[in-house]
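The block underneath contains the structure these notes are about, expressed in structure tokens.
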Amino acid sequence: MSVNMFDILGPITVGPSSSHTAGAIRIGLACRMILGQDVKKAKVTFYGSFADTYRGHGTDKAVIGGLLGYNTDNVKVRDSLQLAQLHGMEYEIVTAEEPRFHPNTVRIEAQGADKSVSLRGVSVGGGAIRLVELNGFAIDAACLYDTLIVFHQDAPGTLAGMAQTLSGCGYNIGNLRLSRDRRDGNVITIIETDVPVDPKTVAALSQVHNVKGVVSIPKF
Amino acid sequence: MNIPSIDYLLDEAAKDNQPIWQIVLREEQADSGLSIDELRERVKKTYDVMREAANGGISSEIRSVSGLTGGDAARYYRHLKNRKNLLGSLSARAMAYALGTSEYNAAMGVIVAAPTAGASGVLPGVLLAAQEEYGFTDREAVNALITATGIGAVIATRATISGAQGGCQAEVGSGSAMAAAALCDVMGGSARQTTHAAAIALKNALGLACDPVAGLVEVPCIKRNGMYACMAIAAADLALAGVESFIPPDEVIDAMYQIGCNLPACIRETAEGGLAITPTGLKAKRRLFF
């Protein structure tokens, strides 16, 4: 098993908890990056231990801070609830029960000017996260690699087209996972690469036949 | 980096008679693609954050986000400044800095989660105190931190550093092992002594429950950081004297994991056992959340 030196000697983060604060910040930030624009309105639902202890751990401030674009080492996370108002972001924090979910689970429904995203994320310890549901699709992304999220139609050749575009631009695919709602329906494909994919290639990817949208999330 | 065992670290170190931190840097460089200088620079930045957090915690009486704790680091630091401390100077400073870091963490200050946020006071507590006492350079402190990271990496690889998985022994015990190794290394201990310092420190935490009041990283976590900083110093001192752990370091780590697997869930961070469900612990929880 391989570990990153700065996961042991780190991460550098606002306290008090790597799982309930640092991880929560990262899920919020991932949501902001997937939305790709400022968050105007957000509904945050905490489950399990997150629901029980979010006030004492500042998990609410953490998620809102992430939605404002702050990473774990940004001290502004502490004041994120006030800063959200200043930036014109409306938010609502609620709790719910869902015994099937991991104890440190949050669902974020975020709206931007002309887009919205529904993301469910899990904080698995030490600041590490997993994104497990996006817009109703079961996904699996840990944001440990540079990640592309491709929204497309389930049609023959679409995946080949994407792979061809990436290889044509010199990128190696490290991991690839598909999730579709039904045959011939909608698909979300998660592609992880060893180096960040440049904007030109992302644009080319979004031109592939049957691709509806591409989001690039650099490793963070 | 991929460091499967303490024995691997020692074997590699013995090959060219290198210190442990050299091996750790080499492994991380191969994995991350970063240069040695870039890695050192990042570790130095980490050390700066540790220093800021420790000082932030002792300089004023801060309160935690929940309001449950705070002010003890400043209280103990005053005690030390007034020369009323019973602990020796090194341990007393380590106690103050470890408490300070942990209180700063509970107040949502920026800390280094090494190995976790809950156990973030031990390593900086010991290293910052030792640097003040013995005056080694920041470069030497960085080497010690890299050594500590090597020990932490082996624990994370062979066992766990998560309280939810292994109880507090996995968090503050690992922090204490890392701190003992850092101190032994920077005070001139051999690679073998450094790993035995870690083993002695970790043995001393075996079986430790993770039973935080109201599920928050405050009671008993903050004081435990201070106490295990002192234990780390004791472990390093023993190792420097030539005392060895009867059970080899890798076997101690494996034992910690095995004990962690056998701990009931109620004392693995769920706040459903131990101190968390004492009458006072439950009262504090009710006051906070209802």
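Considering A:VAL202, A:VAL187, the condition of being open to solvent by 20 Å² or more (accessible area, probe 1.4 Å), touching a residue at least 12 places away in the same chain (Cβ under 8 Å) and not acidic (Asp, Glu) is satisfied by A:VAL202 alone. Of the helices (runs of 4 or more DSSP H) that lie entirely inside the range B:149-210, those containing 1 or more residues that are modelled with pLDDT of 95 or more span B:174-186, B:191-203. On inspection, B:ALA271 does not qualify as within 14 Å of chain A (Cβ to nearest Cβ), crowded, with 22+ Cβ neighbours inside 10 Å and modelled with pLDDT of 95 or more. Taking the numbered list (1) in contact with a strand residue (DSSP E or B) (Cβ under 6 Å, 6 or more places away or on another chain); (2) modelled with pLDDT of 95 or more in turn, B:GLY242 passes all entries but (1). Scanning the range A:18-32 for residues that are aliphatic (A, V, I, L, M) and within 13 Å of A:LEU134 (Cα to Cα) yields A:ILE27, A:ALA30.
Here is a check on your reading of the model: is A:ASP7 over 23 Å from A:ASP140 (Cα atoms) and either within 11 Å of chain B (Cβ to nearest Cβ) or at pLDDT 95 or above (or both)? No, not satisfied. Restricting B:ARG158, B:ARG192 to those that are open to solvent by 10 Å² or more (accessible area, probe 1.4 Å), within 13 Å of another protein chain (Cβ to nearest Cβ) and of a type in the set (D, E, K, R) reduces the list to B:ARG158.
Annotation: B:ARG75 fulfils all but one of (1) buried (at least 19 other Cβ atoms within 10 Å of the Cβ); (2) more than 14 Å from chain A (Cβ to nearest Cβ); the unmet one is (1). Inspect the range B:136-144 for any residue being under 25 Å from B:SER245 (Cβ atoms), within 14 Å of chain A (Cβ to nearest Cβ) and surrounded by 24 or more Cβ atoms within 10 Å (Cβ to Cβ) and give the result as yes or no. Within the range B:136-144 (the criterion being under 25 Å from B:SER245 (Cβ atoms), within 14 Å of chain A (Cβ to nearest Cβ) and surrounded by 24 or more Cβ atoms within 10 Å (Cβ to Cβ)), the answer is yes, since at least one residue qualifies. Counting the residues of the range A:10-51 that are more than 14 Å from chain B (Cβ to nearest Cβ) and part of a helix (DSSP H, G or I) gives 9. Considering (1) aliphatic (A, V, I, L, M); (2) within 12 Å of chain A (Cβ to nearest Cβ); (3) closer than 23 Å to A:ILE12 by Cβ, the lone condition that B:ALA94 does not fulfil carries the number (2).
The values are calculated or read from the model by the stated rules, or taken from the named source; none is laboratory data. Given the structure is predicted, the values throughout are model-derived calculations rather than measurements. For neighbour counting, all protein chains shown are included, and Cβ atoms are generated from backbone atoms with ideal geometry for every residue, glycine included. Protein only, heavy atoms only, side chains kept; ligands, DNA and RNA dropped before computing areas. Shrake-Rupley method; radii C 1.70, N 1.55, O 1.52, S 1.80 Å.
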